[in-house]
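The values are calculated or read from the model by the stated rules, or taken from the named source; none is laboratory data. Given the structure is predicted, the values throughout are model-derived calculations rather than measurements. Heads up, the Cβs are rebuilt from the backbone with ideal geometry, glycines too, and the neighbour counts pull from every protein chain shown. Heavy atoms of the whole protein, side chains included, go into the accessibility calculation; ligands, DNA and RNA do not. Shrake-Rupley method; radii C 1.70, N 1.55, O 1.52, S 1.80 Å.
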Amino acid sequence: GDLDKVVNLLLSLSGRLARVENVLSSLGENANSEERSSLNEKRKLLAGQHEDARELKENLDRRERVVLEILGNYLSEEQLQDYQHFVKMKSALLIEQRELDDKIKLGQEQLKCLMESL
């Protein structure tokens, strides 16, 4: 459960941080300094939160290694490898699901814009 939450948190913060950085980089020289300052502040806040989330992930990884060591005393080598594969695939599938959800959302937004332009 913690893995789901931390991976989703990291993905969410990464996406938000990327969007803010994209907006910042697309601002022209004529951009309002107040707007630029606000976006820079938001970027700093998100970067700090992202770093905190990375620390949570590192702590989770340490806990996973402890659990793996304990399970090594009770499971066969094959079962242990299955467990490791499950944990790795769970993270990968969460990331893939998030990417697909983002693509669906983008597609829906594009479809809405197209329908409105007609």
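How big is the accessible area of Asp4 in square angstrom, nearest 10, if you roll a 1.4 angstrom probe over the protein chains?
50 Å²
Please give the helix 2-26 orientation as an angle from the longest Cα principal axis of the chain, in degrees from 0 to 90, rounded to the nearest 10.
Result, in degrees: 20.
Could you bin all the Cα-Cα distances of the chain into 10 Å bins starting at 0 and give me the percent of pairs in each, rounded to whole numbers?
Spelled out bin by bin, the chain gives 11, 27, 27, 19, 10, 4, 1 percent.
Within the chain, what whole-number % of the accessible surface is contributed by carbon and sulfur, with the 1.4 Å probe and all protein chains included in the calculation? Show your work: numbers first, answer last.
Details: 4830 of 9240 Å².
Answer for the chain is 52 percent, counting heavy atoms of protein chains only.
Using only protein heavy atoms and a 1.4 Å probe, report how much of Val66 is accessible, in Å² to the nearest 10.
80 Å²
Once every DSSP H run of n ≥ 4 in the chain is given -39500 (n - 2.57) and the sum is divided by its residues, what mean residue ellipticity at 222 nm do you get, rounded to the nearest 500 deg cm²/dmol? Working shown, then result.
Values: 3 runs with 106 residues, N = 118.
When only DSSP H runs of four or more count, the value is -33000 deg cm²/dmol.
Across the chain, how many lysine pairs separated by 8 or more positions, or lying on different chains, have Cα atoms within less than 25 Å?
Number of lysine pairs found: 17.
Test of the criteria: in region 1-70, which GluC sites (Glu not before Pro) are in a DSSP loop and have at most 10 other Cβ atoms within 10 angstrom of their Cβ?
Details: sites: Glu21, Glu29, Glu34, Glu35, Glu41, Glu51, Glu55, Glu58, Glu64, Glu69; in loops: Glu29.
Loop-located and lightly packed - Glu29.
Using the heavy atoms of the protein chains and a 1.4 angstrom probe, tell me the accessible area per residue for the chain in square angstrom.
Values: 9240 Å² over 118 residues.
That works out to 78 Å² per residue.
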